[in-house]
Amino acid sequence: MKLSQAKTEIEALREEIRCHERKYYVDAKPEIPDTEFDMLMKHLEALEFEFPELITPDSPTQRVGGEPLKGFKQVTHKVPMLSLDNTYSEEELRAFDERVRKSLKIEPEYIVEPKIDGLAVNLFYKDGKFMQASTRGDGARGDDVSGNIKTIRAVPLKLPVKFELEVRGEVYLTKEELARLNKERETEGEELFANPRNAAAGSLKLLDPKQVAKRNLNIFLHTLGSAVDSGWTTHEEMLQALKKAGLPAVTPAQKCNTIGKVIDYVNSWESKRDSLPFEIDGMVIKVNSFEEQQVLGTTNKSPRYAIAYKFKARQALTKLLDILVQVGRTGILTPVAVLEPVHLSGSTISRCTLHNEDEIKRKDIRIGDTVIIEKGGEVIPKVVGVVESKRTGEEKIFKMPSRCPVCSSKVSRLGEEVAVRCQNVSCKAQLEGRVIHFTRRNAMDIENFGPAIVEKLIDTGKVKDYADLYYLEIGELSELERMGEKSALNLIEGLEKSKGNTLSRLIFALGISDVGENTAELLAGKYADLASLTCASVEELQKIRGIGPKVAESINNFFLESHNLKVIEKLAQAGVNTRRKKGELATGNKFKDMTFVFTGELLSLTRDEAEREVKKLGGAASGSVSAKTTFVVAGNEPGSKLAKAKKLGVKILDEEAFKELLR
Ligand code: IVH
């Protein structure tokens with residue numbers, strides 16, 4: 001096939017795919033079966049494979065592209081992303097209407113939409129092309145989540161019209177998707193998402209778009225940020241134009257010309273909300289005319305032309321029969337309420353988390369109490385209070401156990417932290433999580449180990465702690481279900497290779513609470529081998545720059561646990577490197593004893609990359625400015641750190657000067 005011919009064919013295919021994507025994801029009216037759609041995609045992929053020079057960023061094949069990110073770039077919103085005032089009653093809605101009418105001196109027309117329970121994002125299109133998407137962040141600046149938003153099929157990468165606009169919306173998961181995701185998380189032993197908002201936020205934080213794509217996120221657009229030459233005069237016109245251009249505008253949107261009609265309409269949704277495939281936690285009332293919106297203006301937090309009417313949370317009374325303690329896979333002990341089963345908006349509830357001991361004390365919840373449980377926009381219900389008048393005097397006060405209910409090791413509570421943890425790395429409840437963490441790419445990077453294999457090894461009793469991995473024999477591995485000799489050999493090779501890892505990787509892999517990759521590097525910088533780290537006192541650890549009292553205590557606690565010392569001994573016996581390697585840390589010492597603080601957006605590299613460069617040259621990166629800071633690097637639109645640096649007389653570099661220093 002000639003290039004020109006391929007080009008025509010590719011473009012035609014893309015148009016066809018875009019059209020079906022829109023019918024499926026925006027209009028919810030698919031026209032062709034999924035298999036046929038997949039064939040069109042495969043055909044396009046094959047052509048693009050043959051003619052890679054014809055791949056464009058707006059091709060439907062590019063929704064999941066590129067390598068996982070190291071961190072998110074910061075984006076400054078052209079127009080700040082505001083929040084909404086909340087109301088809970090008819091009176092407050094009437095008061096809002098009064099204020100609007102008084103200010104406008106006319107009867108406004110309102111438009112009422114569902115308030116989607118999700119996470120706010122901003123999409124930017126230029127020349128009709130998707131350019132960037134960002135989270136709300138602090139309202140002025142957010143994270144660049146373009147790669148993740150592109151995985152949402154309802155977001156067109158190319159529009160049929162050359163719009164230039166910033167448009168805001170809500171990323172959400174349907175009730176069905178959230179249930180599916182939570183089920184998956186439950187089997188993986190991960191914490192469940194309490195509501196669609198947390199699930200959307202958790203998903204957009206993932207650094208690998210391939211993982212995000214699996215979450216099947218969705219989006220509704222509900223607010224215009226800014227637009228060039230749009231000619232739209234009302235919110236309704238804008239929503240219709242978005243829809244016409246294939247953008248997923250929020251629906252339904254109902255016009256009401258009096259506050260009375262607004263109230264009737266929002267009340268009608270209070271009971272209908274369960275019939276929607278997505279969660280809503282209220283309704284949003286907006287003045288329709290853009291001109292009137294302008295007249296009303298905004299406060300620095302929220303617009304005066306819109307308000308959210310929040311639905312009341314749904315509550316029920318039931319009896320608290322008992323409080324159990326569960327151990328999660330990070331070792332955190334969580335008290336769980338065992339309830340007399342009660343029906344609440346569509347489900348029967350018999351258990352719910354009580355989070356931690358402090359929460360129980362604060363709410364004075366006792367075993368035997370009659371409790372009020374509530375479901376707001378929440379999938380997971382919560383205990384909001386106790387009916388004291390129903391107490392009989394027989395109620396029992398709960399106390400957190402001092403030993404882990406699974407392995408009987410002593411539990412500890414670190415500094416100010418509310419969570420109580422079991423620190424034993426061989427504790428059965430945490431074993432799977434710990435072993436998986438140990439094998440991860442940024443930890444010991446043991447190739448070919450996945451959660452399924454780890455689970456089997458634990459279930460069959462072959463692995464009782466992560467050191468056992470190094471004692472596995474090829475025969476034992478190939479006995480595992482669906483594992484051949486070849487795969488078993490690959491696992492052994494992966495294990496062998498990992499024995500030569502750096503000390504900082506090993507420290508990170510141990511899974512000490514609060515010890516991330518950075519802290520692990522600091523520790524490997526201070527201690528030449530694991531043995532000397534295990535003897536370090538809290539005071540000594542605290543002296544290391546970048547390690548605070550809480551982290552020092554956590555490290556010390558970890559090594560006080562005799563189980564852990566045995567596991568470390570086993571690792572060393574197996575031949576795992578426990579000493580700092582030559583050149584494992586900084587490749588230079590040009591920045592020795594220097595601390596850098598970054599503020600604002602850097603153009604040529606992400607903040608993570610910049611910090612890595614600093615560390616490579618022996619320097620430290622910190623999040624806050626103090627008199628000890630050597631340099632503050634100020635990028636675009638720097639924050640308050642710049643002002644602080646000026647006040648303290650800390651040297652300030654711009655991006656160019658910083659890069660000059662790196663050379
Ligand atoms: S309008 C100036 N419309 O609710 C802000 N917001 O609690 C205008 N939300 O930050 C927002 N559905 O993220 C608007 N139909 C809707 C919405 C909606 C959900 C979110 C939005 C906002 C938050 C305020």
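The values are calculated or read from the model by the stated rules, or taken from the named source; none is laboratory data. Model, not experiment: these values are computed from the prediction. Cβ placement follows ideal geometry from the backbone for every residue including glycine, while neighbour counts extend to all protein chains displayed. Side chains are part of the model used for accessible areas, which takes the heavy atoms of the whole protein and leaves out ligands, DNA and RNA. Shrake-Rupley method; radii C 1.70, N 1.55, O 1.52, S 1.80 Å.
Odds and ends about this structure:
- Compactness index (Cα Rg / 2.2 N^0.38 Å), the stretch 509-613: 1.23
- Annotation for the stretch 476-563: trypsin sites (Lys or Arg not before Pro) lying in DSSP loop with at most 13 further Cβ atoms inside 10 Å of their Cβ are Arg482, Lys543, Arg545.
- For the chain, leaving out every one of the GluC sites (Glu not before Pro) that falls in a DSSP loop and has at most 12 other Cβ atoms within 10 Å, the longest unbroken run is 32-393.
- A simple spin-label model places the labels of Cys535 and Glu91 7.1 nm from each other, with each point 7 Å out along Cα-to-Cβ.
- Accessible area per residue for the chain is 50 Å², calculated with a 1.4 Å probe on protein heavy atoms, without ligands, DNA or RNA.
- Of the chymotrypsin sites (Phe, Trp or Tyr not before Pro) found in the stretch 250-335, none is in coil by DSSP with at most 13 other Cβ atoms within 10 Å of its Cβ.
- Take every Cα pair under 8 Å whose residues are at least 6 apart in sequence, average their separation, divide by the length of the stretch 466-554, and the relative contact order is 20 percent.
- 4 °C / 1.567 mPa s Stokes-Einstein diffusion coefficient of the stretch 245-319, Kirkwood radius on C-alpha pairs, µm²/s: 88 µm²/s
- Annotation note: trypsin sites (Lys or Arg not before Pro) in the stretch 372-422 located in DSSP loop regions with a Cβ neighbour count of at most 15 within 10 Å are Arg391, Lys399.
- Lysine pair count for the stretch 158-271 (Cα-Cα distance under 23 Å; residues 8 or more apart in sequence or on different chains): 16.
- Under the Debye formula (equal points on every Cα, no solvent term), log10 I(q)/I(0) of the stretch 110-153 at q = 0.19, 0.27, 0.32 Å⁻¹: -0.70, -0.99, -1.10
- Gained length - Glu237 relative to Lys410, 0.36 nm times residue gap less alpha-carbon distance: 55.9 nm
- Shape class for the stretch 77-235: oblate, because the ratio a/c of the largest to smallest gyration tensor axis (alpha-carbon atoms, square roots of eigenvalues) is 1.5 or more and b/c is at least a/b.
- Anchor Lys363: aspartates and glutamates whose Cα lies under 15 Å away (excluding residues fewer than 8 positions away in-chain): Glu374, Glu388, Glu395
- Pairs of Lys in the stretch 533-639 closer than 12 Å at Cα, counting only those 8 or more apart or on different chains: 4
- Computed on the stretch 1-132, the Cα convex hull volume stands at 217 Å³ per residue.
- Each helix, a run of at least 4 DSSP H residues, gives -39500 (n - 2.57); summed and divided by the residues of the chain, these come to -10500 deg cm²/dmol at 222 nm.
- With only Cα atoms counted, the stretch 167-291 has Rg and Dmax values of 17.3, 52 Å.
- Every pair of different Cα atoms in the stretch 291-338 enters the Kirkwood calculation, which places the hydrodynamic radius at 15.9 Å.
- Among the lysines of the stretch 371-472, pairs at least eight places apart or on separate chains and with Cα atoms under 18 Å apart come to 6.
- Accessible-area composition of the stretch 267-402, carbon plus sulfur, in percent [1.4 Å probe]: 50 percent
- Scattering curve values for the stretch 361-467, log₁₀ I(q)/I(0), Debye with Cα scatterers, q = 0.19, 0.21, 0.22 Å⁻¹: -1.00, -1.07, -1.10
- Cα-based equivalent ellipsoid of the stretch 75-171: semi-axis lengths in Å, sorted from largest, via gyration tensor: 31, 16, 13
- Binning the C-alpha pair distances of the stretch 135-197 at 5 Å intervals from 0 yields a P(r) profile of 4, 12, 18, 19, 19, 14, 8, 4, 2, 0 %, listed from the shortest bin outward.
- Once divided by 2.2 N^0.38 Å, the Cα radius of gyration of the stretch 321-364 becomes 1.27.
- Global geometry of the stretch 311-404, whether rounded, prolate or oblate, following the gyration tensor of its Cα atoms and the 1.5 cut on a/c: oblate
- Restricting the calculation to Cα atoms, the stretch 552-663 yields a radius of gyration followed by a Dmax of 18.8, 54 Å.
- Short to long, the 5 Å bins of the Cα pair-distance histogram for the stretch 422-469 hold 5, 24, 36, 24, 10, 1 percent of all pairs.
- For the stretch 447-533: Kirkwood Rh in Å [reciprocal of mean 1/r, alpha carbons]: 14.4 Å
- Long-range tail of P(r) for the chain (Cα pairs > 49 Å, %): 24 percent
- Global form of the stretch 179-238, assessed from the alpha-carbon gyration tensor, a/c cut-off 1.5: prolate
- Candidate cross-link partners of Lys102 among the aspartates and glutamates, defined by an alpha-carbon separation under 13 Å and a same-chain spacing of 8 or more, comprise Glu292.
- Under-5 Å amide H pairs with Arg351, H placed in peptide plane, nonlocal only: Leu339
- Of all aspartates and glutamates in the structure, the ones whose alpha carbon falls short of 19 Å from that of Lys499, not counting any fewer than 8 places away in one chain, are Asp445, Glu447, Asp465, Asp468, Glu473, Glu517, Glu521, Asp529, Glu569, Glu584.
- Within the accessible surface of the stretch 544-628, defined with a 1.4 Å probe on protein heavy atoms only, the carbon and sulfur portion equals 51 percent.
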